[in-house]
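Trainee: Submitted below is the structure of interest, expressed as structure tokens.
The values are calculated or read from the model by the stated rules, or taken from the named source; none is laboratory data. What you see is a predicted model; the values in this text were computed from it and never measured. So basically every Cβ, Gly included, is an ideal-geometry build from the backbone, and we count neighbours across all protein chains shown. Protein only, heavy atoms only, side chains kept; ligands, DNA and RNA dropped before computing areas. Shrake-Rupley method; radii C 1.70, N 1.55, O 1.52, S 1.80 Å.
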Amino acid sequence: MNKLSSNDEIDKLIKNNIMAVVYFSGSKCGACEAIKIKIEEILKKYPNIKACEINGEENLEIAARFDVFSVPIFLLYIEGKESIRVGRNVNLMDLESNIDRYYEMLY
């Protein structure tokens, strides 16, 4: 995942891709890193999904803009609209199933 830290970069990612993932993590968050690794494995199956990571602790204004008040948070945007939002207690099998369903409809 590319690390982004500006609103413009994030907006371009969401706007210029049919499907985009925005993943908020934290520097001192062990769960964030563990979930990130698993999400990256899932996303390898979906090459048309573009993804970025934002450190929510270092970019508080961006986190607040996206209504992120705890980390980790996984956001999936489809055609510029938030379609999936999951946090710390993510069921990775359900998440993958939901991503797959949207992906199959669009590609």
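Trainee: Which net charge results for the neighbourhood of LEU43, defined as the other residues with beta-carbon distances under 11 angstrom from its beta-carbon, given Lys and Arg at +1 and Asp and Glu at -1?
Mentor: The answer is +2.
Trainee: According to the square roots a ≥ b ≥ c of the eigenvalues of the Cα gyration tensor, what is the shape class of the range 1-62, taking rounded for a/c under 1.5, prolate for a/b larger than b/c otherwise, and oblate for the remainder?
Mentor: Oblate shape, in that a/c is at least 1.5 and b/c is the bigger or equal ratio.
Trainee: Follow-up. Express the carbon and sulfur contribution to the solvent-accessible surface of the chain as a percent, rounded to the nearest whole number, probe 1.4 angstrom. Don't jump to the answer; show the numbers that get you there.
Mentor: On the way: 2960 of 6220 Å².
Accessible surface attributable to carbon and sulfur in the chain totals 48 percent.
Trainee: Also, quick follow-up: If a cysteine in the chain has no other Cys Cβ under 4.7 Å from its own Cβ, put it on the list, ordered by number.
Mentor: Unpaired cysteines in the chain: CYS52.
Trainee: Out of all DSSP beta bridges in the chain, what portion is antiparallel? Express it as a percent rounded to 5.
Mentor: Around 60 percent of the beta bridges assigned by DSSP in the chain are antiparallel ones.
Trainee: Across the range 23-107, how many lysine pairs, 8 or more apart or on two chains, come within less than 19 Å at their alpha-carbon atoms?
Mentor: Working: LYS28/LYS36; LYS28/LYS38; LYS36/LYS44; LYS36/LYS45; LYS36/LYS50; LYS38/LYS50; LYS50/LYS81.
The number of close lysine pairs in the range 23-107 is 7.
Trainee: Please list the helices of the chain that count as membrane-span-like by this rule: a mean Kyte-Doolittle hydropathy of at least 1.6 together with Cα atoms stretching 27 Å or more along the helix axis, each helix being a complete DSSP H run.
Mentor: The qualifying helices: there are none.
Trainee: Pick out which of TYR77, TYR23, TYR46 has the largest mean-square fluctuation in a Gaussian network model of the chain, springs linking Cα atoms closer than 10 Å.
Mentor: Checking each option, the largest mean-square fluctuation is seen for TYR46.
Trainee: How much length would be gained if the chain were fully extended between MET105 and GLU33, taking 0.36 nm per residue of separation minus their Cα-Cα distance, in nm to one decimal?
Mentor: Length gained between MET105 and GLU33: 23.0 nm.
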